[in-house]
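Reading through the structure tokens given below for one structure.
The numbers here are math on the coordinates, done by the rules we state, and not lab data. Owing to the predicted nature of the structure, the values given are computational and were not obtained by experimental measurement. Ideal geometry is used to build each Cβ from the backbone, glycine not excepted, and the neighbour counts take in all protein chains shown.
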Amino acid sequence: MVGRMKPMKSKMRNVETVHAIYEAFGRGDVATILDKLDDAVKWETTVPVPDVPWLQARCGKANIAAFFESMAPLEINRFEPHMIFDGGDKIFVLIAFEATAFGKRYSFPNNGHLWQFNAAGKVVKYDHVTDTAQMIRMA
């Protein structure tokens with residue numbers, strides 16, 4: 001008798017996707033990050049900050065590479081996710097983030113990222129939860 005194979009779980013859990021995104025960020029692998037996004041992803045749309053290039057509203061996967069390009073003036077000294085809250089389709093991550101911009105070092109011990117997913121496991125929305133006043137100074 002030939003048994004039926006159980007279907008393989010094709011989509012990874014959302015928290016695993018977030019880990020994969022951060023690993024790709026650490027390698028500078030933007031293509032892998034973009035692969036995790038829905039084509040109509042909304043990026044920084046909740047509270048965009050006009051004076052900070054990397055905190056601008058962007059819609060659609062084709063426009064997200066500009067986010068990574070906008071961070072070029074920053075020298076990232078520390079990027080350590082230290083607390084992850086798994087809400088299923090919403091993942092919130094606290095990150096210890098330090099960067100040098102224009103010769104001055106900035107520290108964000110609890111920089112937050114909110115990732116929202118669709119049923120297919122793709123990111124449909126991403127927002128920073130951060131000290132925007134310090135981000136403006138850094139920009």
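What is the Cα radius of gyration of the chain over 2.2 N^0.38 Å, N being its residue count? Normalised by 2.2 N^0.38 Å, the Cα Rg of the chain equals 1.16.
A viscosity of 1.002 mPa s and a temperature of 20 °C, combined with the Kirkwood radius over Cα pairs in Stokes-Einstein, give a translational diffusion coefficient for region 75-139 of 168 µm²/s. Taken over region 27-99, the convex hull of the Cα atoms encloses 116 Å³ per residue. Normalised by the number of residues in region 82-121, the mean separation of alpha-carbon contacts (under 8 Å, six or more apart) gives a relative contact order of 38 percent. Rounded to the nearest 20, the Cβ-based charge dipole of the chain about its Cα centre (Lys and Arg +1, Asp and Glu -1) stands at 480 debye.
Any chance you could give the angle, 0 to 90 degrees and rounded to 10, that helix 14-27 forms with the longest Cα principal axis of the chain? Value to nearest ten degrees: 50.
Note on Phe102/Ala66: beta-carbon distance plugged into 1/(1 + (r/R0)^6) with R0 of 25 Å gives a FRET efficiency of 0.75.
Of all DSSP-defined beta bridges confined to region 1-127, some 90% are antiparallel rather than parallel. When peptides 69-77, 16-24 are ranked by their average number of other Cβ atoms within 10 Å per residue, the highest-first order is 16-24, 69-77. Sum up the lysine pairs in the chain that clear both bars: alpha-carbon distance under 19 Å and a spacing of 8 or more or different chains. Lysine pair count for the chain: 19.
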